[in-house]
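Read through the structure below, which is laid out as structure tokens, and then see the notes.
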Amino acid sequence: MSQPLVEVSNLQVYFPILSTGAVRRHINDVKAVDGVTFEVYRGETLGLVGESGCGKTTTGLALLRLIEPTGGNVTFDGSDTSLLSTSELRALRKRMAMIFQDPYASLDPRMSIGKIVAEPLEIHGLVAGRTEKHRRVGDLLEMVGLSPDYRNRYPHEFSGGQRQRVGIARALATEPDFIVCDEPIAALDVSIQAGVMNLLEDLQRELGLTYLFIAHDLSAVQHFSDRIAVMYLGRIVEVADRVGLYEDPRHPYTQALLSAVPVPDPVVERGRSRIILEGDVPSPIDPPSGCNFHPRCPQAFGPCPGDDPQLLAISGRQVACHLYADSGAVNA
């Protein structure tokens, strides 16, 4: 495998909770991301999955420093982004981009799509004049399957799928190496989702892009990703290649998550056993001690409530679970 383009080590993102009144005191934190570690290798797609509120989007935003991490390190192509000055970070931002979940909210309704796509080019000084900008915007629109003649139209004149293609064109404007795809198909009709995913795959092959693909749709993640990281309550619980994860999930949460995915074959579906988790997801304001998953885990035992499991390397994957602590696994 190639060298990591992005390395994340013990990433933390806490949102402070302040008391009410004239003097506002810091009384607690929402631990949205709590010690996340993973790598994204050049040219690959790392899928990031987990239920709503587990910290997936916050992780993606923190990688690009669109929100400031509370702790930990994010290294992009050998540079620790937390140590960069404003000017150094601005130069590095040309190599990173994000595709947002909502194609309706992520585009300024007062700007034409030509201006939306041209904005990154102007901010980073990548075009010399009006003619070059006009040509570059047309090329970007064609690249995502839209006519350059649409450049003077506004977002409300387009469908959701077309708007998302505008968002992809904007992300490609600075010729980035790394793109965070934050549930880019979640807000689209099913009939449109395949087209957008095929476009992202084609662009990756043509441009050598590296993706962090955040999604709820486990079948889409399986199709689109090379490796998959499973997240629960702000922490990574398992990382494996897509075949290994779906055929042999190791962490109890991953097993429960995949057991909930319906199979189109009714005979196979009838023979499957569902893992029903009891209770609700704990609050990130006051997460459980030890393993975050232990209050709902059907396999919880002695050390789970008291000891925080480390991410262990075992059988070509990484698993954060006490079940594997004595199986010859080593710290990942």
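Residues being under 18 Å from the mean Cα position of the chain (by Cα) and either within 28 Å of Ala91 (Cβ to Cβ) or not charged (D, E, K, R) (or both): count how many of those fall in segment 171-197. Break it down into steps so the answer makes sense when it comes.
The first filter runs over segment 171-197 and keeps only residues under 18 Å from the mean Cα position of the chain (by Cα), leaving 171-172, 176-188, 193, 196-197.
Narrowing the set further to residues that are either within 28 Å of Ala91 (Cβ to Cβ) or not charged (D, E, K, R) (or both) leaves 171-172, 176-182, 184-188, 193, 196-197.
The qualifying residues number 17.
Residue-wise test of (1) hydroxyl-bearing (Ser, Thr, Tyr); (2) modelled with pLDDT under 95; (3) in contact with a Cys (Cβ under 9 Å, 6 or more places away or on another chain); (4) over 14 Å from Ala320 (Cα atoms).
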{"position": "Ala220", "(1), (2), (3), (4)": "no, yes, no, yes"}
{"position": "His223", "(1), (2), (3), (4)": "no, yes, no, yes"}
{"position": "Ala229", "(1), (2), (3), (4)": "no, no, no, no"}
{"position": "Val239", "(1), (2), (3), (4)": "no, no, no, no"}
{"position": "Val243", "(1), (2), (3), (4)": "no, yes, no, yes"}
{"position": "Asp248", "(1), (2), (3), (4)": "no, yes, no, yes"}
{"position": "Gln255", "(1), (2), (3), (4)": "no, yes, no, no"}
{"position": "Leu258", "(1), (2), (3), (4)": "no, yes, no, yes"}
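Residues Arg163, Arg205: which one is over 21 Å from Gly55 (Cβ atoms), over 19 Å from the mean Cα position of the chain (by Cα) and touching a residue at least 60 places away in the same chain (Cβ under 8 Å)? Spell out how you get there, then give the answer.
Values: Arg205 fails: touching a residue at least 60 places away in the same chain (Cβ under 8 Å).
Criteria check complete, one pass: Arg163.
For segment 175-213, enumerate the residues that are acidic (Asp, Glu) and within 20 Å of Leu64 (Cα to Cα).
Of everything in segment 175-213, those that are acidic (Asp, Glu) and within 20 Å of Leu64 (Cα to Cα) turn out to be Glu175, Asp177, Asp182, Glu183.
Among the strands (runs of 3 or more DSSP E) contained in segment 18-128, which hold 1 or more residues that are free of Cβ contacts under 8 Å to residues at least 40 places away in the same chain and at negative phi?
Where strands (runs of 3 or more DSSP E) fall fully within segment 18-128 and carry at least 1 residues being free of Cβ contacts under 8 Å to residues at least 40 places away in the same chain and at negative phi, they are 26-41.
Looking at segment 135-148, I want the residues that are at positive phi and in contact (Cβ under 8 Å) with a residue 40 or more places away in the chain and have a partner that is charged (D, E, K, R) and surrounded by 14 or more Cβ atoms within 10 Å (Cβ to Cβ) with Cβ atoms under 7 Å, at least 6 apart or on another chain. Which pairs are those?
Close Cβ pairs satisfying both conditions: Gly145/Arg165.
Which residues, counting only those in segment 258-317, are in a loop (DSSP other than H, G, I, E, B) and among the hydroxyl-bearing types (Ser, Thr, Tyr)?
As a first pass, look at segment 258-317 and keep what is in a loop (DSSP other than H, G, I, E, B): 260-265, 272-311, 315-316.
Selection gives Ser273, Ser283, Ser289, Ser315.
Could you list all residues from segment 258-285 that are closer than 25 Å to Thr58 by Cα and either in contact with a His (Cβ under 9 Å, 6 or more places away or on another chain) or charged (D, E, K, R) (or both)?
Asp280
Among the residues of segment 234-262, count how many are of a type in the set (Val, Ile, Thr) and free of Cβ contacts under 8 Å to residues at least 60 places away in the same chain.
Within segment 234-262, residues that are of a type in the set (Val, Ile, Thr) and free of Cβ contacts under 8 Å to residues at least 60 places away in the same chain number 3.
If I filter segment 178-201 for residues that are over 30 Å from Glu51 (Cβ atoms), surrounded by 21 or more Cβ atoms within 10 Å (Cβ to Cβ) and either aromatic (Phe, Trp, Tyr) or at pLDDT 95 or above (or both), do I get at least one hit?
No, there is no match, as no residue in segment 178-201 is over 30 Å from Glu51 (Cβ atoms), surrounded by 21 or more Cβ atoms within 10 Å (Cβ to Cβ) and either aromatic (Phe, Trp, Tyr) or at pLDDT 95 or above (or both).
Could we say that Phe293 is in contact (Cβ under 8 Å) with a residue 40 or more places away in the chain, over 19 Å from Gln12 (Cβ atoms) and of a type outside the set (Gly, Ala, Ser) here?
In short, no.
Hey, Ser112 hits all of (1) over 23 Å from Val230 (Cα atoms); (2) polar (S, T, N, Q); (3) in contact with an Asp or Glu (Cβ under 7 Å, 6 or more places away or on another chain) but one; which does it fall short on?
Evaluating Ser112 over (1) over 23 Å from Val230 (Cα atoms); (2) polar (S, T, N, Q); (3) in contact with an Asp or Glu (Cβ under 7 Å, 6 or more places away or on another chain) leaves (3) as the failure.
Quick one: in segment 18-40, of everything that is at pLDDT 95 or above and farther than 22 Å from Gly290 by Cα, which residue is surrounded by the most Cβ atoms within 10 Å (Cβ to Cβ)?
Across segment 18-40, the extreme among qualifying residues is Val40.
Enumerate the pairs (first residue in segment 270-290 and on the phi < 0 side of the Ramachandran plot and exposed (fewer than 10 other Cβ atoms within 10 Å of the Cβ); second residue anywhere and assigned to a loop (DSSP other than H, G, I, E, B) and at pLDDT below 85) with beta-carbon separation below 6 Å, excluding pairs fewer than 6 apart on the same chain, so at least 6 apart or on different chains.
So the pair list comes out empty.
Being of a type outside the set (Asp, Glu), outside any helix (DSSP H, G or I) and out of contact with any Asp or Glu (no Cβ under 9 Å at 6 or more places or on another chain) is the filter here; which residues of segment 180-212 pass it? Can you show your working first?
First, pick out the residues of segment 180-212 that are of a type outside the set (Asp, Glu): 180-181, 184-188, 190-200, 203-205, 207-212.
Then keep just the ones that are outside any helix (DSSP H, G or I); that gives 180-181, 184-188, 208-212.
Within segment 180-212, Val180, Cys181, Pro184, Leu188 meet the criteria.
Looking at Ala187, Ala194, Ala128 in this structure, which one is farther than 15 Å from Ala97 by Cβ and in contact with a Gly (Cβ under 8 Å, 6 or more places away or on another chain)?
Ala187
How many of the residues making up segment 68-103 are crowded, with 17+ Cβ neighbours inside 10 Å and under 16 Å from Leu11 (Cβ atoms)?
8
The values are calculated or read from the model by the stated rules, or taken from the named source; none is laboratory data. Everything numeric here is computed off the predicted structure, so don't read it as measured data. With ideal geometry, Cβ positions are generated from the backbone for all residues, glycine too; neighbour counts draw on all protein chains shown.
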